[in-house]
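K.L.:
I'd like to ask you about the structure that follows.
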Amino acid sequence: MTNARDIYITEVALRDGSHAIAHQFTVEQVLKVAKGLNDAGVPYIEVAHGDGLSGSSLQYGLSRTNEMELIEAAVSVADKAKIAVLLIPGIGTVKELKEAANLGAKMARIATHVTEADVAPQHIAAAKELGMETVGFLMMSHMAPVDKLVEQAKLMESYGADTVYVVDSAGALLPNQVRERIHALKQSLGINIGFHGHNNLSLAMANSLVAIEEGATRIDGSVRCLGAGAGNTQTEVLTAVLDRMGIQTGIDVYKMMDIAEDIVAPILETPQEITRDGLVLGYAGVYSSFALHAKRAAAKFGIDSRDILVELGNRKVVGGQEDMIVDVAAEIAKVKAEAVR
(Lines give C-alpha, C1' and ligand atoms only; values in the text may rest on other atoms or scores of the structure.)
Protein backbone atom coordinates (compact mmCIF):
# COMPACT_ATOMS: atom_id res chain seq x y z
CA MET A 1 0.00 0.00 0.00
CA THR A 2 1.18 3.54 -0.77
CA ASN A 3 -0.10 6.95 0.21
CA ALA A 4 -0.06 7.98 -3.46
CA ARG A 5 -3.36 7.73 -5.29
CA ASP A 6 -4.02 7.83 -9.03
CA ILE A 7 -7.65 6.84 -8.42
CA TYR A 8 -9.82 7.75 -5.43
CA ILE A 9 -12.30 5.05 -4.51
CA THR A 10 -15.51 5.76 -2.61
CA GLU A 11 -16.83 2.70 -0.78
CA VAL A 12 -20.63 2.63 -1.02
CA ALA A 13 -21.56 -0.61 0.80
CA LEU A 14 -22.82 1.28 3.85
CA ARG A 15 -25.23 3.27 1.65
CA ASP A 16 -25.98 1.44 -1.61
CA GLY A 17 -25.60 -1.87 0.25
CA SER A 18 -28.43 -0.82 2.52
CA HIS A 19 -30.82 -1.77 -0.31
CA ALA A 20 -29.53 -5.35 -0.31
CA ILE A 21 -30.31 -5.89 3.38
CA ALA A 22 -33.61 -3.96 3.55
CA HIS A 23 -31.92 -1.05 5.34
CA GLN A 24 -31.21 -3.11 8.45
CA PHE A 25 -27.64 -2.00 9.26
CA THR A 26 -26.81 -1.81 12.95
CA VAL A 27 -24.35 0.50 14.69
CA GLU A 28 -22.12 -2.48 15.47
CA GLN A 29 -22.00 -3.53 11.80
CA VAL A 30 -21.19 -0.01 10.65
CA LEU A 31 -18.44 0.32 13.26
CA LYS A 32 -16.77 -2.89 12.10
CA VAL A 33 -17.05 -2.20 8.39
CA ALA A 34 -16.03 1.45 8.61
CA LYS A 35 -13.04 0.71 10.85
CA GLY A 36 -11.88 -2.04 8.50
CA LEU A 37 -12.19 0.21 5.46
CA ASN A 38 -10.44 3.07 7.22
CA ASP A 39 -7.55 0.85 8.28
CA ALA A 40 -7.28 -0.54 4.73
CA GLY A 41 -6.73 2.96 3.36
CA VAL A 42 -10.09 3.59 1.67
CA PRO A 43 -10.28 7.40 1.26
CA TYR A 44 -14.08 7.84 1.26
CA ILE A 45 -16.80 5.79 2.96
CA GLU A 46 -20.42 6.61 2.14
CA VAL A 47 -22.98 6.10 4.93
CA ALA A 48 -26.74 6.73 4.68
CA HIS A 49 -30.05 5.08 3.91
CA GLY A 50 -30.00 3.48 0.47
CA ASP A 51 -32.03 6.40 -0.89
CA GLY A 52 -29.89 8.96 0.89
CA LEU A 53 -30.48 11.21 3.86
CA SER A 54 -34.08 10.97 5.14
CA GLY A 55 -34.72 7.97 2.89
CA SER A 56 -36.17 5.94 5.76
CA SER A 57 -39.89 5.82 5.00
CA LEU A 58 -42.69 3.44 4.11
CA GLN A 59 -42.15 4.30 0.43
CA TYR A 60 -38.41 3.66 0.33
CA GLY A 61 -38.03 1.25 3.24
CA LEU A 62 -37.72 1.88 6.96
CA SER A 63 -34.24 1.83 8.47
CA ARG A 64 -33.55 -0.33 11.49
CA THR A 65 -31.23 2.34 12.89
CA ASN A 66 -31.41 6.12 12.56
CA GLU A 67 -28.93 7.05 9.84
CA MET A 68 -27.43 9.84 11.92
CA GLU A 69 -26.40 7.23 14.49
CA LEU A 70 -24.75 5.25 11.71
CA ILE A 71 -22.95 8.32 10.38
CA GLU A 72 -21.74 9.22 13.88
CA ALA A 73 -20.51 5.64 14.39
CA ALA A 74 -18.57 5.66 11.13
CA VAL A 75 -16.98 9.03 11.90
CA SER A 76 -15.86 7.76 15.31
CA VAL A 77 -13.63 5.06 13.79
CA ALA A 78 -12.48 6.90 10.65
CA ASP A 79 -9.34 8.81 11.55
CA LYS A 80 -8.04 8.74 7.96
CA ALA A 81 -11.05 8.13 5.71
CA LYS A 82 -13.65 10.82 5.06
CA ILE A 83 -17.29 9.93 5.64
CA ALA A 84 -19.60 10.78 2.75
CA VAL A 85 -23.37 11.10 2.60
CA LEU A 86 -25.81 11.01 -0.31
CA LEU A 87 -28.70 13.45 -0.59
CA ILE A 88 -31.48 13.33 -3.17
CA PRO A 89 -33.28 16.72 -3.24
CA GLY A 90 -36.92 16.13 -2.46
CA ILE A 91 -36.09 13.25 -0.11
CA GLY A 92 -33.33 14.82 1.97
CA THR A 93 -33.09 18.51 2.88
CA VAL A 94 -30.42 21.00 3.86
CA LYS A 95 -31.43 20.40 7.49
CA GLU A 96 -30.27 16.75 7.35
CA LEU A 97 -27.17 17.79 5.44
CA LYS A 98 -26.22 20.20 8.23
CA GLU A 99 -26.86 17.52 10.84
CA ALA A 100 -24.61 15.08 9.00
CA ALA A 101 -21.88 17.71 8.65
CA ASN A 102 -22.08 18.53 12.34
CA LEU A 103 -21.53 14.84 13.08
CA GLY A 104 -18.37 14.89 10.99
CA ALA A 105 -19.36 13.95 7.42
CA LYS A 106 -16.89 15.56 5.01
CA MET A 107 -18.36 14.82 1.59
CA ALA A 108 -21.86 15.47 0.20
CA ARG A 109 -23.00 13.65 -2.91
CA ILE A 110 -26.01 15.48 -4.32
CA ALA A 111 -27.95 13.06 -6.51
CA THR A 112 -30.50 13.95 -9.17
CA HIS A 113 -32.00 12.25 -12.20
CA VAL A 114 -29.69 12.77 -15.17
CA THR A 115 -31.96 15.45 -16.66
CA GLU A 116 -32.78 17.25 -13.40
CA ALA A 117 -29.53 18.80 -12.21
CA ASP A 118 -31.34 22.11 -11.82
CA VAL A 119 -32.92 20.94 -8.54
CA ALA A 120 -29.47 20.73 -6.91
CA PRO A 121 -27.98 24.25 -6.62
CA GLN A 122 -29.15 25.05 -3.10
CA HIS A 123 -27.95 21.71 -1.75
CA ILE A 124 -24.55 21.98 -3.43
CA ALA A 125 -24.21 25.56 -2.19
CA ALA A 126 -25.14 24.50 1.34
CA ALA A 127 -22.59 21.69 1.28
CA LYS A 128 -19.87 24.09 0.13
CA GLU A 129 -20.79 26.52 2.90
CA LEU A 130 -20.45 23.67 5.38
CA GLY A 131 -16.93 23.05 4.12
CA MET A 132 -17.81 19.72 2.53
CA GLU A 133 -16.29 18.25 -0.61
CA THR A 134 -19.21 18.19 -3.02
CA VAL A 135 -20.19 15.76 -5.76
CA GLY A 136 -22.86 16.06 -8.45
CA PHE A 137 -24.34 12.58 -8.89
CA LEU A 138 -26.24 12.18 -12.17
CA MET A 139 -28.37 9.07 -11.71
CA MET A 140 -29.72 6.87 -14.53
CA SER A 141 -27.11 8.33 -16.87
CA HIS A 142 -28.03 5.80 -19.56
CA MET A 143 -31.31 7.63 -20.08
CA ALA A 144 -29.80 10.79 -21.56
CA PRO A 145 -27.90 11.27 -24.82
CA VAL A 146 -24.31 12.39 -24.43
CA ASP A 147 -24.95 16.05 -25.22
CA LYS A 148 -27.70 16.22 -22.59
CA LEU A 149 -25.43 14.55 -20.03
CA VAL A 150 -22.72 17.14 -20.73
CA GLU A 151 -25.25 19.95 -20.36
CA GLN A 152 -26.38 18.65 -16.97
CA ALA A 153 -22.84 18.01 -15.78
CA LYS A 154 -21.92 21.59 -16.65
CA LEU A 155 -24.81 22.76 -14.49
CA MET A 156 -23.47 20.72 -11.57
CA GLU A 157 -20.04 22.27 -12.14
CA SER A 158 -21.51 25.78 -12.26
CA TYR A 159 -23.24 25.20 -8.93
CA GLY A 160 -19.87 24.46 -7.32
CA ALA A 161 -19.50 20.67 -7.48
CA ASP A 162 -15.91 19.48 -7.11
CA THR A 163 -16.70 16.26 -9.00
CA VAL A 164 -19.44 15.06 -11.34
CA TYR A 165 -20.36 11.38 -11.62
CA VAL A 166 -21.80 9.33 -14.43
CA VAL A 167 -24.11 7.06 -12.44
CA ASP A 168 -25.22 3.78 -14.02
CA SER A 169 -28.06 3.28 -11.55
CA ALA A 170 -29.68 0.42 -13.46
CA GLY A 171 -26.48 -1.30 -14.53
CA ALA A 172 -27.60 -0.75 -18.12
CA LEU A 173 -24.61 0.97 -19.72
CA LEU A 174 -22.34 -0.92 -22.11
CA PRO A 175 -18.58 -0.22 -22.15
CA ASN A 176 -18.71 1.82 -25.37
CA GLN A 177 -21.48 3.96 -23.85
CA VAL A 178 -19.41 4.57 -20.71
CA ARG A 179 -16.43 5.47 -22.86
CA GLU A 180 -18.26 8.11 -24.88
CA ARG A 181 -19.86 9.64 -21.78
CA ILE A 182 -16.70 9.90 -19.70
CA HIS A 183 -14.72 11.14 -22.72
CA ALA A 184 -17.28 13.87 -23.38
CA LEU A 185 -17.28 15.02 -19.76
CA LYS A 186 -13.48 15.00 -19.63
CA GLN A 187 -13.40 17.24 -22.70
CA SER A 188 -16.08 19.58 -21.38
CA LEU A 189 -15.45 20.01 -17.64
CA GLY A 190 -12.62 21.37 -15.55
CA ILE A 191 -13.40 19.29 -12.45
CA ASN A 192 -13.01 15.65 -11.42
CA ILE A 193 -15.03 13.00 -13.25
CA GLY A 194 -16.42 9.95 -11.46
CA PHE A 195 -18.18 6.70 -12.32
CA HIS A 196 -20.64 4.62 -10.29
CA GLY A 197 -21.45 1.22 -11.78
CA HIS A 198 -23.94 -1.55 -11.09
CA ASN A 199 -23.38 -5.16 -12.07
CA ASN A 200 -26.76 -6.19 -13.48
CA LEU A 201 -25.20 -7.02 -16.86
CA SER A 202 -21.92 -8.22 -15.30
CA LEU A 203 -20.20 -5.10 -16.66
CA ALA A 204 -19.50 -3.02 -13.55
CA MET A 205 -15.78 -3.86 -13.50
CA ALA A 206 -15.31 -3.45 -17.26
CA ASN A 207 -17.20 -0.17 -17.21
CA SER A 208 -15.14 1.13 -14.28
CA LEU A 209 -11.91 0.32 -16.11
CA VAL A 210 -13.14 2.01 -19.28
CA ALA A 211 -14.09 5.07 -17.22
CA ILE A 212 -10.55 5.18 -15.81
CA GLU A 213 -9.06 4.83 -19.30
CA GLU A 214 -11.03 7.89 -20.38
CA GLY A 215 -9.89 10.00 -17.44
CA ALA A 216 -12.24 9.35 -14.53
CA THR A 217 -10.32 9.59 -11.25
CA ARG A 218 -13.20 8.97 -8.83
CA ILE A 219 -14.64 5.45 -8.88
CA ASP A 220 -17.28 3.87 -6.63
CA GLY A 221 -16.95 0.36 -5.31
CA SER A 222 -18.85 -1.86 -2.93
CA VAL A 223 -17.08 -4.47 -0.84
CA ARG A 224 -18.40 -7.98 -1.50
CA CYS A 225 -20.50 -6.39 -4.26
CA LEU A 226 -22.97 -5.25 -1.58
CA GLY A 227 -25.41 -2.93 -3.35
CA ALA A 228 -28.79 -2.57 -5.06
CA GLY A 229 -29.75 -4.91 -7.88
CA ALA A 230 -26.80 -7.22 -8.61
CA GLY A 231 -24.51 -4.95 -6.61
CA ASN A 232 -21.77 -2.54 -7.60
CA THR A 233 -18.21 -2.76 -8.83
CA GLN A 234 -16.64 -5.07 -6.23
CA THR A 235 -14.12 -2.98 -4.30
CA GLU A 236 -11.69 -5.71 -3.28
CA VAL A 237 -11.58 -6.97 -6.87
CA LEU A 238 -11.23 -3.44 -8.26
CA THR A 239 -8.29 -2.63 -5.99
CA ALA A 240 -6.58 -5.91 -6.90
CA VAL A 241 -7.05 -5.30 -10.63
CA LEU A 242 -5.82 -1.72 -10.41
CA ASP A 243 -2.81 -2.87 -8.41
CA ARG A 244 -2.00 -5.39 -11.16
CA MET A 245 -2.26 -2.54 -13.66
CA GLY A 246 0.13 -0.36 -11.68
CA ILE A 247 -2.59 2.15 -10.84
CA GLN A 248 -2.27 3.44 -7.28
CA THR A 249 -5.36 3.52 -5.04
CA GLY A 250 -3.61 3.74 -1.66
CA ILE A 251 -5.68 0.75 -0.50
CA ASP A 252 -4.29 -2.45 1.03
CA VAL A 253 -5.52 -5.28 -1.20
CA TYR A 254 -5.10 -8.02 1.43
CA LYS A 255 -7.02 -6.03 4.03
CA MET A 256 -9.86 -5.45 1.55
CA MET A 257 -10.03 -9.18 0.90
CA ASP A 258 -10.24 -9.83 4.64
CA ILE A 259 -12.97 -7.21 5.19
CA ALA A 260 -15.03 -8.76 2.41
CA GLU A 261 -14.65 -12.31 3.71
CA ASP A 262 -14.67 -11.85 7.48
CA ILE A 263 -16.84 -8.78 8.11
CA VAL A 264 -19.17 -8.12 5.18
CA ALA A 265 -19.99 -11.65 3.97
CA PRO A 266 -21.69 -12.57 7.29
CA ILE A 267 -23.99 -9.54 6.92
CA LEU A 268 -25.44 -10.87 3.66
CA GLU A 269 -28.22 -13.41 4.04
CA THR A 270 -27.50 -14.63 0.51
CA PRO A 271 -24.46 -13.91 -1.67
CA GLN A 272 -24.77 -11.00 -4.07
CA GLU A 273 -25.11 -12.46 -7.54
CA ILE A 274 -26.71 -11.78 -10.90
CA THR A 275 -30.13 -13.36 -10.55
CA ARG A 276 -32.96 -13.25 -13.07
CA ASP A 277 -34.36 -10.21 -11.27
CA GLY A 278 -31.08 -8.32 -11.34
CA LEU A 279 -30.38 -9.20 -14.95
CA VAL A 280 -33.73 -7.98 -16.23
CA LEU A 281 -33.25 -4.64 -14.44
CA GLY A 282 -30.06 -4.02 -16.39
CA TYR A 283 -31.59 -5.36 -19.60
CA ALA A 284 -34.62 -3.10 -19.22
CA GLY A 285 -32.70 -0.15 -17.79
CA VAL A 286 -34.95 0.55 -14.81
CA TYR A 287 -34.54 1.14 -11.09
CA SER A 288 -34.25 -1.90 -8.84
CA SER A 289 -37.20 -0.60 -6.79
CA PHE A 290 -39.50 -1.34 -9.75
CA ALA A 291 -38.97 -5.10 -9.50
CA LEU A 292 -41.36 -5.78 -6.61
CA HIS A 293 -44.08 -3.49 -7.99
CA ALA A 294 -43.80 -5.20 -11.39
CA LYS A 295 -44.12 -8.65 -9.82
CA ARG A 296 -47.27 -7.62 -7.97
CA ALA A 297 -48.79 -6.15 -11.12
CA ALA A 298 -47.81 -9.23 -13.14
CA ALA A 299 -49.56 -11.52 -10.65
CA LYS A 300 -52.67 -9.36 -10.78
CA PHE A 301 -52.91 -9.41 -14.58
CA GLY A 302 -51.45 -12.87 -15.23
CA ILE A 303 -48.47 -11.71 -17.29
CA ASP A 304 -44.65 -11.87 -17.11
CA SER A 305 -43.13 -9.15 -14.91
CA ARG A 306 -40.17 -8.94 -17.30
CA ASP A 307 -42.47 -7.65 -20.04
CA ILE A 308 -43.61 -4.89 -17.70
CA LEU A 309 -40.04 -3.86 -16.78
CA VAL A 310 -38.85 -3.83 -20.40
CA GLU A 311 -41.80 -1.65 -21.42
CA LEU A 312 -41.11 0.70 -18.52
CA GLY A 313 -37.55 0.98 -19.76
CA ASN A 314 -38.75 1.70 -23.30
CA ARG A 315 -40.88 4.51 -21.90
CA LYS A 316 -37.97 5.82 -19.80
CA VAL A 317 -40.02 5.67 -16.61
CA VAL A 318 -38.09 6.86 -13.56
CA GLY A 319 -38.42 6.76 -9.78
CA GLY A 320 -41.54 8.54 -8.61
CA GLN A 321 -43.60 7.19 -11.52
CA GLU A 322 -44.39 3.84 -9.91
CA ASP A 323 -48.10 4.47 -10.49
CA MET A 324 -47.48 3.80 -14.19
CA ILE A 325 -46.51 0.19 -13.50
CA VAL A 326 -50.11 -0.96 -13.07
CA ASP A 327 -51.19 1.00 -16.17
CA VAL A 328 -48.46 -0.61 -18.26
CA ALA A 329 -49.36 -4.07 -16.92
CA ALA A 330 -53.01 -3.54 -17.82
CA GLU A 331 -52.09 -2.46 -21.35
CA ILE A 332 -49.84 -5.49 -21.87
CA ALA A 333 -52.52 -7.85 -20.58
CA LYS A 334 -55.09 -6.27 -22.91
CA VAL A 335 -52.83 -6.66 -25.94
CA LYS A 336 -52.12 -10.30 -25.09
CA ALA A 337 -55.78 -11.04 -24.60
CA GLU A 338 -56.68 -9.52 -27.96
CA ALA A 339 -53.89 -11.49 -29.66
CA VAL A 340 -55.42 -14.83 -28.65
CA ARG A 341 -58.94 -13.99 -29.78
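K.L.:
If you plug each phi of region 328-341 into the Karplus form 6.51 cos²θ - 1.76 cosθ + 1.60 with θ = phi - 60°, what whole-Hz ³J(HN,Hα) values come out, in order, with x for Gly and Pro?
P.N.:
Rounded to whole hertz, the list is 5, 4, 5, 5, 5, 4, 5, 4, 5, 5, 5, 5, 9, 6.
K.L.:
To continue, here is another question. Karplus couplings for region 154-170 from phi (6.51 cos²θ - 1.76 cosθ + 1.60, θ = phi - 60°), rounded to Hz, Gly and Pro as x?
P.N.:
Once rounded to whole Hz, the list reads 5, 4, 4, 5, 5, 6, x, 4, 7, 9, 10, 9, 8, 10, 8, 4, 9.
K.L.:
Right, here's the next one. With a 1.4 Å probe and every protein chain kept in, tell me what percent of the accessible surface of the chain is carbon plus sulfur. Present the calculation step by step, with values, prior to reporting the outcome.
P.N.:
On the way: 6980 of 14270 Å².
About 49 percent, which is the carbon plus sulfur part of the accessible surface.
K.L.:
Go through K300/K334; K95/K148; K32/K98; K106/K154; K80/K186; K32/K95 and tell me which ones have a Cα-Cα distance over 20 Å in this structure.
P.N.:
Working: K300/K334 13 Å; K95/K148 31 Å; K32/K98 25 Å; K106/K154 23 Å; K80/K186 29 Å; K32/K95 28 Å.
Listed pairs above 20 Å: K95/K148; K32/K98; K106/K154; K80/K186; K32/K95.
K.L.:
Residue-wise, which Karplus ³J(HN,Hα) couplings in Hz belong to region 18-25, taking 6.51 cos²θ - 1.76 cosθ + 1.60, θ = phi - 60°, and x for glycine or proline?
P.N.:
Running phi through 6.51 cos²θ - 1.76 cosθ + 1.60 with θ = phi - 60° gives 4, 4, 5, 10, 6, 6, 9, 4 Hz.
K.L.:
Next question, about the same structure. Sorted by mean Cβ packing within 10 Å, highest first, what order do the peptides 69-76, 125-132 take? Let's see the in-between values first.
P.N.:
Numbers: 69-76: 22.4, 125-132: 17.8.
Result, highest mean first: 69-76, 125-132.
K.L.:
Between the helical axis of 204-213 and the dominant principal axis of the chain, each derived from Cα atoms, what acute angle in degrees is found, rounded to the nearest 10?
P.N.:
60 degrees
K.L.:
Another question, then. With the alpha-carbon atoms as the only input, what is the per residue convex hull volume for region 277-341 in Å³?
P.N.:
On the way: hull volume 4.8 nm³, N = 65.
Once divided by residue count, the hull of region 277-341 is 73 Å³.
K.L.:
Hey, what's the chain come to in accessible area per residue, 1.4 Å probe, Å²?
P.N.:
Values: 14270 Å² over 341 residues.
It amounts to 42 Å² per residue over the chain.
K.L.:
Roughly how compact is region 214-277, stated as its Cα Rg over 2.2 N^0.38 Å to two decimals? Mind dumping the intermediate values first?
P.N.:
Details: Rg = 12.7 Å, N = 64, 2.2 N^0.38 = 10.7 Å.
Normalised Cα radius of gyration, region 214-277: 1.19.
K.L.:
Taking every DSSP beta bridge that has both residues in region 1-152, what percent is antiparallel when rounded to the nearest 5?
P.N.:
Working: 1 of 18 bridges.
Within region 1-152, antiparallel bridges account for around 5 percent of the total.
K.L.:
Ranked by accessible surface with a 1.4 Å probe, highest first, in what order do T270, T134, T65 come? Could you put the intermediate results ahead of the total?
P.N.:
Numbers: T270 95, T134 0, T65 20 Å².
Solvent-accessible surface, decreasing: T270, T65, T134.
K.L.:
Loop-only check: which GluC sites (Glu not before Pro) in region 199-274 are DSSP coil with at most 14 other Cβ within 10 angstrom?
P.N.:
On the way: sites: E213, E214, E236, E261, E269, E273; in loops: E214, E269, E273.
Qualifying residues, ordered by number: E269, E273.
K.L.:
Express as a percent, rounded to the nearest 5, the fraction of DSSP beta bridges in the chain (both residues included) that run antiparallel.
P.N.:
Details: 2 of 35 bridges.
Of the beta bridges lying entirely in the chain, close to 5 percent run antiparallel.
K.L.:
Taking just the alpha-carbon atoms of region 188-306, what radius of gyration and Dmax come out, in angstrom?
P.N.:
Spelled out, the Cα radius of gyration and Dmax of region 188-306 are 16.8, 54 Å.
K.L.:
Jot down the per residue volume, in cubic angstrom and as a whole number, of the convex hull over the alpha-carbon atoms of region 94-235. Kindly include the intermediate steps, with their values, before the conclusion.
P.N.:
On the way: hull volume 14.2 nm³, N = 142.
Enclosed volume per residue, from the Cα hull, is 100 Å³.
The values are calculated or read from the model by the stated rules, or taken from the named source; none is laboratory data. Quantities reported herein were computed from a predicted structural model and do not represent experimental measurements. Here Cβ is always computed from backbone atoms with ideal geometry, including for glycine, and neighbour counts include all displayed protein chains. Accessible surface areas use protein heavy atoms only, side chains included; no ligands, DNA or RNA. Shrake-Rupley method; radii C 1.70, N 1.55, O 1.52, S 1.80 Å.
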